[in-house]
1. Check off (1) assigned to a loop (DSSP other than H, G, I, E, B); (2) at pLDDT below 90; (3) not acidic (D, E) for S215 and give me the number that stays unchecked.
2. If I filter segment 71-81 down to residues being at pLDDT 95 or above and hydrophobic (A, V, I, L, M, F, W, C), which single residue comes out as surrounded by the fewest Cβ atoms within 10 Å (Cβ to Cβ)?
3. So which residues in segment 14-52 are touching a Leu at 6+ places or on another chain (Cβ under 9 Å) and of a type in the set (A, V, I, L, M, F, W, C)?
4. Between a residue in segment 159-172 that is closer than 11 Å to P135 by Cβ and surrounded by 16 or more Cβ atoms within 10 Å (Cβ to Cβ) and any residue that is modelled with pLDDT under 90 and of a type in the set (A, V, I, L, M), which pairs come within a Cβ distance under 9 Å, given they are 6 or more apart or on different chains?
5. Does segment 90-106 contain any residue that is part of a loop (DSSP other than H, G, I, E, B), under 22 Å from S128 (Cα atoms), aliphatic (A, V, I, L, M) and at pLDDT below 90?
6. Is one or more of the residues making up segment 134-148 exposed (fewer than 15 other Cβ atoms within 10 Å of the Cβ) and not hydrophobic (A, V, I, L, M, F, W, C)?
7. Limited to segment 46-62, what total is found for residues that are free of Cβ contacts under 8 Å to residues at least 60 places away in the same chain and out of contact with any helix residue (DSSP H, G or I) (no Cβ under 7 Å at 6 or more places or on another chain)?
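The values are calculated or read from the model by the stated rules, or taken from the named source; none is laboratory data. In this text the structure is predicted, and so the values were computed from the model without any measurement. When we count neighbours, we look across all protein chains shown, and the Cβ atoms used for this are built from the backbone with ideal geometry, even at glycine.
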Amino acid sequence: MTATHKAKQVLRKQIRSSLSKMTAQELTTQSSQVFDNLFQLPEYETSQSIGLFLSMPKGEIHTDDACNKILQDGKSLFVPRCGLDFEQCDMDLIRVPLEDVEKAQDSKTFYEDWPRNKWGIPEPPIDSKYHIAQPGDIDLLIVPGLGFDSKGGRLGQGKGYYDRFIQKMRDGVENTEGIPKKPVLVAVGLNPSFVSEGIPMAEHDFRMQKVCLPSQILNFKL
């Protein structure tokens, strides 16, 4: 185990402890503030297709209202589906079909009938009507994480799902001089997720282009 890996493990434990002390009201309020900031970004306004995670049942920023707004704004929404082999730590993003959105009437959500994975998160079923994102399909990727710093560093849960997915998406997109490769990476986090002393980063870790927190938006030139 490398020194960077060890440092990440210690930091994850500290942040998880801080997040676990948040009240339900704090979590709801901060989640709303984060997405109020995100929806003001020009990157959101100009994006037609957006990737956004569905929240874990406990201890994570709430995304239900944000998913609904993205769909109401007429944008395509892509949500994660992990591979059946969890040891591979592989992930695809799947476009939410109009059929599922139209079924979500009254108190139902578009994912209510979807299966849950081992973390209790809804995932799109394996079905031909669910389009798997290809390189270039997603304009803006909203990335979760345990921690973020003032240089765009991100600390994930430790499995590498998002780093692998981002690499897969960017490897398949031609490089145009002066134009960042798709997708644009915007992270969202709660107040305890900001790490002032910095996130230890490995070579394969992607830095974020923006980080939206409840009280501020951090911008980075990468």
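1. Here S215 clears every test but (2).
2. Here the residue is L77.
3. Within segment 14-52, I15, L19, M22, L27, V34, L41, I50, L52 qualify.
4. Close Cβ pairs satisfying both conditions: none exist.
5. Yes: segment 90-106 contains one or more residues that are part of a loop (DSSP other than H, G, I, E, B), under 22 Å from S128 (Cα atoms), aliphatic (A, V, I, L, M) and at pLDDT below 90.
6. Within segment 134-148, one or more residues are exposed (fewer than 15 other Cβ atoms within 10 Å of the Cβ) and not hydrophobic (A, V, I, L, M, F, W, C).
7. Final tally of qualifying residues: 1.
A quick yes/no check of all residues on (1) within 19 Å of the chain's Cα centre (by Cα); (2) exposed (fewer than 12 other Cβ atoms within 10 Å of the Cβ):
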position: V10; (1), (2): no, yes
position: M22; (1), (2): no, no
position: S32; (1), (2): yes, no
position: L41; (1), (2): yes, no
